């Protein structure tokens with residue numbers, strides 16, 4: 001089904017009042033406005049053409065690009081390389097931060113790491129990965145995470161996966177990326193501020209409270225197994241957004257054991273498969289938000305995977321105000337994905 | 001020229017080290033990584049097809065959609081309507097905020113206004129508006145702003161303009177939008193926090209300090225006239241991002257007088273024309289960030305227009321970390337746009 005069709009069903013072609021919802025962690029407001037998908041649309045958004053020859057693929061074994069890659073580690077189904085065009089790279093200048101232009105602005109070298117975890121088989125699609133391939137992917141990310149963490153210049157590591165051109169995937173060949181920077185990710189910084197404030201007032205991790213609330217409330221739960229909960233967050237910013245998070249308090253992804261990664265892989269495969277079934281060729285981003293590597297295990301932060309489908313575009317209002325308008329209520333997301 | 005070509009020129013096909021830069025207002029970090037445009041790109045981003053018949057255009061006088069619109073005001077070159085699918089709408093429920101689900105989450109009615117300012121001539125393109133049309137547009141926005149502000153349910157008004165489908169324009173016919181909500185825009189909230197902190201330490205408006213610094217430093221200045229400065233901000237998030245702001249301290253857009261709107265229009269027309277010349281058919285968003293309407297004139301906030309070209313996509317890293325990777329250094333933006 002298309003997003004427009006789903007939205008028409010939800011609104012039954014009538015007007016549903018938009019509501020404002022507050023992100024309990026950051027304090028940000030978002031708008032749930034189911035009626036807006038009914039807007040006229042006189043621009044044609046063309047289908048993307050099929051991809052050309054795979055001989056030129058820089059990630060396929062044997063190609064020219066492949067041969068030039070510096071392979072960090074290789075396993076049965078995947079291998080890891082340094083990103084050739086890194087956003088962060090290892091280079092210790094000795095200076096942590098400097099003030100250019102007579103101390104007015106602040107700048108730093110973009111120290112860190114930027115690795116690519118590549119699935120060997122060009123034809124695998126993230127939304128139909130097997131459980132074992134997903135397990136191999138997350139295990140490798142975990143392994144690299146712990147290796148990169150040893151570099152004491154690194155403060156924050158963000159594993160991500162871009163799926164589909166609308167989600168910013170610039171190379172079709174299936175691959176994840178690990179970004180490791182010397183500064184804490186802005187979003188994690190903001191979440192930690194809110195989570196710390198919540199902890200100060202309530203004496204408990206806000207994510208743990210959300211998990212408890214969602215499990216009792218049930219209406220936004222998508223899937224769960226022994227160790228992980230998948231749910232559509234109350235103040236979702238994206239249509240069909242889902243968060244997958246450990247049920248018990250864990251602030252750091254990197255401390256996951258094998259049994260946890262197995263259950264995590266299971267939940268991810270389940271949710272991605274259901275998303276693909278509802279909206280074929282769904283473009284999406286995955287990313288893990290977890291504690292900065294410079295901190296020890298912490299009582300108020302909780303790691304999670306966010307699945308962000310990219311079915312709509314942010315316009316001037318979203319960029320200007322930071323207030324995101326989401327046309328699919330998370331309760332409806334959960335309803336569709338529970339089936 | 002295309003973005004890729006410009007980037008190749010900037011890097012001279014060599015590797016330029018990425019740097020981290022901090023937004024002096026919010027504290028957010030961004031990355032300037034000129035080398036990344038050289039990445040292989042095996043997805044084809046197709047040209048968008050030309051738009052079909054204008055008879056169906058809901059904003060063209062005489063069409064079916066046009067007749068159904070409730071016209072709020074009409075002038076020589078433009079007219080204003082209520083958005084038919086509003087994100088915010090006037091409806092006083094009496095409740096400012098409520099806590100659904102046993103007081104856990106926070107929700108509000110999406111009270112406010114959502115108006116559309118429509119240029120009568122379907123064939124005008126934002127990037128080649130005349131100075132008089134731009135003046136008419138901003139004057140009308142100003143007039144509606146002050147009218148909407150009278151509603152004491154409104155806290156924050158965000159005027160925007162989406163240009164091109166990649167920037168989220170869902171209707172081709174040229175139009176601006178005015179969003180007025182009962183909550184303060186998240187971005188303005190965050191900027192005010194940072195600006196207030198800066199004021200507390202330095203006793204001066206951070207934007208005024210930036211303007212002073214940029215005028216002295218010169219290398220990021222794009223254009224200026226008597227009353228307005230156009231510059232590429234130090235921690236730009238978008239390739240060819242430009243801010244246009246009053247040179248002297250003004251926290252509120254709505255207090256602008258006719259002479260100021262004239263100079264503001266002049267600066268906007270100049271910058272947009274130069275952007276279009278450098279990158280034909282450039283898709284972009286405009287938005288005004290200004291003081292919440294519930295506050296009186298304030299010493300630490302400063303209104304401005306942001307021009308955000310949409311030449312690249314945010315991927316998983318940008319969404320996950322909030323750290324934006326920008327492939328065009330703002331000094332280069334200014335160099336191109338000064339010519």
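Derivation of every value follows stated rules applied to the coordinates shown; laboratory data play no part. Computed from a predicted model, the values in this text were never measured in an experiment. Quick reminder, even Gly has a Cβ in these numbers, built from the backbone with ideal geometry, and neighbours come from all protein chains shown.
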Check your understanding: When the Cα atoms of chain B are enclosed in a convex hull and the volume is divided per residue, what value in Å³ results?
Key -> 166 Å³
Study note, to complete from the structure: Out of B:79, B:300, B:99, a Gaussian network model of chain B with alpha-carbon springs under 10 Å gives the largest mean-square fluctuation to B:99
Review point. Using the reciprocal of the averaged 1/r over all distinct C-alpha pairs, how large is the Kirkwood radius of the range B:243-339 in Å?
Key: 15.6 Å
Review point. Got the residue A:125 label distances to the other copies yet, label 7 Å along Cα→Cβ, in nm, shortest first?
Key: 3.6
Point to revise | Taking only Cα atoms of the protein assembly as shown, radius of gyration then Dmax in Å | key: 24.4, 69
Study note, to complete from the structure: If one builds a Gaussian network model of chain B from Cα atoms under 10 Å apart, the most fluctuating residue listed among B:88, B:104, B:138 is B:104
Study note, to complete from the structure: With one decimal in nm and the nearest listed first, the spacings from residue B:193 to its own position in the other copies, using label points 7 Å along Cα-to-Cβ, are 0.2
Revision key, fill the gap. Sorted shortest first, the nm distances from the residue A:248 label point (7 Å along Cα→Cβ) to its counterparts in the other copies are 6.6
Check your understanding: Which distance in Å, rounded to a whole number, links the C-alpha centroids of the range B:220-250 and the range B:113-127?
Key -> 24 Å
**Study point:** Highest-MSF residue in chain A out of A:145, A:66, A:89 [GNM, Cα springs under 10 Å]
**Key:** A:66
Practice item. For the range B:64-181, report the translational diffusion coefficient in µm²/s to the nearest whole number, using Stokes-Einstein at 10 °C, 1.306 mPa s, and a Kirkwood Rh over Cα pairs. Key: 101 µm²/s
